[in-house]
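Here's the structure we're looking at; comments come further down.
The values are calculated or read from the model by the stated rules, or taken from the named source; none is laboratory data. Worth saying up front: this structure is predicted, and the values here are computed from it rather than measured. Methodologically, a virtual Cβ is constructed for each residue, glycine included, from the backbone with ideal geometry; neighbour enumeration extends over all protein chains shown. Please note that ligands, DNA and RNA were not included when accessible areas were found on the heavy atoms of the full protein model with its side chains. Shrake-Rupley method; radii C 1.70, N 1.55, O 1.52, S 1.80 Å.
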Amino acid sequence: MPWYVSLPVTLAVILALFLAMGNLGWLPGIPNPFGEKTVDRSQPAVLKSVQNMSRYNAATGDFQVIVDLANEAKFLPSAILGSRSLYVGSGSVEAYVDLGKLGADSVKVSEDRRTASITIPHAQLAGAALDVKRSYMYSHERGLFDRLGDLFSDSTAEDQHKVEVLAVQKIDKAAKDTGLTATAETNTKAMLTGLLTSLGFTQVTVTVA
């Protein structure tokens with residue numbers, strides 16, 4: 001083999017061995033040429049608005065739901081065209097009483113300031129808050145054509161968004177089927193009764209209307 005051919009081949013082999021040994025950690029004094037590091041180039045959070053809150057968060061429910069979402073073709077097997085996502089979603093829903101809706105006639109106090117009656121509105125449910133730290137994609141299966149399509153467009157993020165939205169909807173529905181609002185109303189009654197009793201009222205009546 002001529003020297004002008006053997007020399008580049010020899011140098012290439014030596015370089016390949018050097019890189020392989022560095023990647024395997026056999027050269028502790030030399031950093032790994034294939035090592036990766038995480039760089040956070042995100043912009044700082046921007047405050048968009050501030051809202052005054054007048055509601056009392058009286059109860060919180062923690063929920064977990066398993067979302068099984070499949071996109072199936074009519075005439076092709078799922079191994080060829082289609083996708084299926086199994087997603088474990090964890091989130092919470094708060095039940096609150098909006099004390100800002102108390103009108104002038106909602107609070108009645110006796111002249112001797114010993115008896116008080118308060119009428120509060122019914123409790124409401126806030127929107128479900130998905131906990132991304134406890135939620136995860138358990139499995140994500142895609143057909144052959146779908147995987148080929150990922151070469152031109154990334155649909156994984158879209159599928160992730162779909163299951164997250166569906167998980168929030170299911171958690172909201174589950175919260176409505178529980179007695180979370182009743183618990184919130186009971187807790188609000190106890191809070192107001194204890195507060196007014198500490199202020200010197202001997203008889204406190206809290207009703208929900």
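At a glance:
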item	result
Contour excess over end-to-end distance, with Cα ends at LYS133 and ALA16 and 0.36 nm allotted per residue	38.1 nm
Estimated FRET transfer efficiency (VAL50, ALA190; beta-carbon r; R0 35 Å; 0.05)	0.70
Within straight-line cross-link reach of LYS101, lysines at Cα separation under 19 Å, skipping those fewer than 8 residues along the same chain	LYS189
Rounded FRET efficiency, nearest 0.05, which uses the C-beta distance separating GLN124 from GLN64 and R0 of 22 Å	0.45
Reachable lysines from LYS74, criterion Cα separation under 22 angstrom, eight or more residues apart if same chain	LYS162
Among 168-178, 99-109, the order from most to least packed when residues are scored by Cβ within 10 Å on average	168-178, 99-109
ILE118 accessible area, assembled protein chains, probe 1.4 Å, Å²	10
Efficiency of FRET between SER117 and ALA182 - r from beta-carbon atoms, R0 30 angstrom, step 0.05	0.90
